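Here the structure comes first, spelled out in structure tokens, and everything after it is commentary.
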Amino acid sequence: MKNILTVYSLIWLICLNINLNANAPQKISVIGTGYVGLVTGTCLAHFGHEVICADIDSTKIKLLNNNCIPIYEPGLTELIKEVRQKHKLSFTDNISTAIKETDIVFIAVGTPMDTYGQADLTALYEVAKSIGKNINKPKVICIKSTVPIGTGKKIKSVIVNNMDPEIEDKNKLIKIVFNPEFLKEGSAIYDCLNPDRIVLGGSKKGIQTILKSYQVLADKNVPFLLTDITTAETIKYAANAFLSIKLSYINEIAKLCDAIEADCGVVAKGIGLDQRIGDKFLRPGPGYGGSCFPKDSEALLYTSRLNKRPLTILEAAVKVNQDQVKYVFSKFLNLIDNDIENKTIALLGLAFKANTDDIRYSPAIDFIEKLKTHNCVIKTYDPIASENMKLKYNDIFYATSAEDACKNADAVIILTDWPEFKHIDLKSLHEILNKPVLFDTRNIINTDKLKELGFNYTNIGNCRVNS
Ligand code: UGA
């Protein structure tokens with residue numbers, strides 16, 4: 001009870017305080033210009049703040065300064081143009097200057113998975129050192145990067161240890177806030193401007209400052225959850241882990257549906273109509289990929305093992321996901337009666353999901369690897385992600401259209417749910433393929449039409465797709 005009251009009184013105090021100075025623009029730097037940093041910086045500028053986006057990668061900064069946006073994210077180019085015209089957003093590769101010139105530093109550098117499944121915090125600690133070395137006035141440090149539970153507290157000591165020894169009351173100069181990111185690649189701008197919630201963990205004063213950064217969202221009645229750093233860090237991992245479990249669950253149900261000839265699409269709809277379950281994240285497929293779920297699940301498992309509190313359900317979900325791509329490939333082998341050696345296979349979709357150019361942990365990579373072991377000729381097409389895949393494989397064929405990739409292929413596999421694949425002309429596809437074999441791992445192709453045209457086809461979970 002005491003805790004609840006403390007939280008409520010804190011909320012009231014903060015609400016009173018932000019409204020006094022509600023629309024004052026803040027000077028903010030965002031360190032790291034990846035998917036999270038660039039989108040966050042742009043949206044903060046859109047909220048009216050003066051934002052500097054900084055990155056040590058000077059090539060990227062040069063591109064940004066020349067209005068070339070190095071990542072594909074719907075709506076990002078337009079929004080950057082808009083805030084640049086208003087002189088609200090600038091780019092620099094000088095991290096020190098960005099830190100010195102601003103009162104709030106958002107950290108949005110990558111925390112990739114290392115070989116032990118832990119998050120690699122090298123970039124994060126480098127930024128912390130720079131903040132310590134360049135501190136010239138009180139600052140609020142807002143961590144956006146997904147970090148292992150407990151990192152928020154450690155960051156403060158890294159910053160303090162790098163401050164000029166002459167500085168007195170070092171601890172008082174900085175306030176740390178953890179503000180987990182919930183945006184999805186492919187709809188990041190929309191998610192950032194219309195979040196389900198904002199979670200802020202940290203000291204009262206730090207939170208007070210970051211609340212002002214998000215005043216525009218408070219005005220739109222977005223729920224704010226204010227808590228301590230460790231709880232906020234746990235919320236981020238627990239949310240991604242829950243979604244990973246939900247996906248692995250539906251993928252297992254899909255396997256069962258394949259075996260018993262139930263329609264997993266209808267099963268998902270039937271259970272999703274129960275509001276306690278909800279209809280999101282119930283689309284079976286080749287398993288989850290991307291830069292977040294695989295990495296964050298492993299990082300949370302690492303923390304659970306460290307604390308001797310096993311997360312058995314999450315362990316199982318990760319295992320199910322690792323097995324899913326094997327299952328999906330075995331379905332393909334089944335479809336083609338194991339006649340795979342030296343065949344020409346068209347892969348439609350290289351990105352880990354639609355509306356992004358990101359290929360990290362994409363099922364396409366697993367498929368390419370597997371097809372290579374069978375000496376297949378691999379012809380691929382993706383509307384956006386081919387350039388990224390070219391950096392990984394230069395010995396496969398990159399077509400400029402789906403038709404081009406499928407011409408004379410012995411089978412086509414749909415790996416990404418791009419809308420343009422959903423509307424592919426099946427009649428002409430049937431004509432250009434060497435054999436009319438289609439494997440839809442995303443359940444987007446109309447099964448009635450496939451049947452009518454005489455395709456040899458399958459999908460995941462025996463779904464009848466008729467739209
Ligand atoms: C995920 C979370 O959804 C975000 O809330 C979070 O902020 C982000 O990670 C992060 O931690 O930064 P993201 O990885 O961009 O976002 O992509 P999702 O849309 O969540 O998709 C993840 C994977 O699940 C993809 O491989 C996608 O194809 C797959 N998926 C998703 C399905 O197979 N079926 C579904 O029904 C939904």
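A few points about this structure:
A quick yes/no check of all residues on (1) away from the ligand (no atom under 16 Å from the Cβ); (2) outside any loop (DSSP other than H, G, I, E, B):
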site	(1), (2)
VAL267	no, yes
GLY289	no, no
LEU300	no, yes
LEU314	no, yes
TYR327	no, yes
ASN338	yes, no
ASN342	yes, no
THR356	no, no
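- Looking only at the stretch 133-148, and only at residues there that are among the charged types (D, E, K, R) and open to solvent by 20 Å² or more (accessible area, probe 1.4 Å), the one that is farthest from the ligand (Cβ to nearest atom): LYS137
- Subset of the stretch 366-378 [within 22 Å of PHE421 (Cα to Cα) and either in contact with a Gly (Cβ under 6 Å, 6 or more places away or on another chain) or open to solvent by 30 Å² or more (accessible area, probe 1.4 Å) (or both)]: ASP366, VAL377
- The condition of being of a type in the set (Asp, Glu), surrounded by 14 or more Cβ atoms within 10 Å (Cβ to Cβ) and not in a loop (DSSP other than H, G, I, E, B) holds for only one of GLU452, GLU431, GLU420, GLU403, that being GLU403.
- Subset of the stretch 314-346 (residues that are farther than 26 Å from SER244 by Cα and among the basic types (Lys, Arg)): LYS343
- Residues considered: ASP274, ASP279. Of these, the only one that is within 13 Å of the ligand (Cβ to nearest atom), open to solvent by 30 Å² or more (accessible area, probe 1.4 Å) and either modelled with pLDDT under 95 or not in a helix (DSSP H, G or I) (or both) is ASP279.
- Selection over the stretch 362-382 of residues that are part of a loop (DSSP other than H, G, I, E, B) and either acidic (Asp, Glu) or in contact with a Phe, Trp or Tyr (Cβ under 6 Å, 6 or more places away or on another chain) (or both) gives a count of 2.
- Members of the stretch 70-112 found to be in a loop (DSSP other than H, G, I, E, B) and under 23 Å from LYS184 (Cβ atoms), listed by number: PRO70, ILE71, TYR72, GLU73, PRO74, GLY75, ALA108, VAL109, GLY110, THR111, PRO112
- Condition broken by GLU78, with the remaining ones in (1) out of contact with any Gly (no Cβ under 7 Å at 6 or more places or on another chain); (2) closer than 21 Å to GLY110 by Cα satisfied: (2)
- Output for the stretch 214-233, where each listed residue is within 16 Å of the ligand (Cβ to nearest atom) and surrounded by fewer than 17 Cβ atoms within 10 Å (Cβ to Cβ): VAL222, PRO223, LEU225
- On inspection, LEU256 does not qualify as in contact (Cβ under 8 Å) with a residue 40 or more places away in the chain, more than 16 Å from the ligand (Cβ to nearest atom) and not basic (Lys, Arg).
The values are calculated or read from the model by the stated rules, or taken from the named source; none is laboratory data. These numbers were taken from a predicted model, which means no experiment stands behind them. When we count neighbours, we look across all protein chains shown, and the Cβ atoms used for this are built from the backbone with ideal geometry, even at glycine. Heads up: the accessible areas ignore ligands, DNA and RNA and are worked out on the full protein's heavy atoms, side chains in. Shrake-Rupley method; radii C 1.70, N 1.55, O 1.52, S 1.80 Å.
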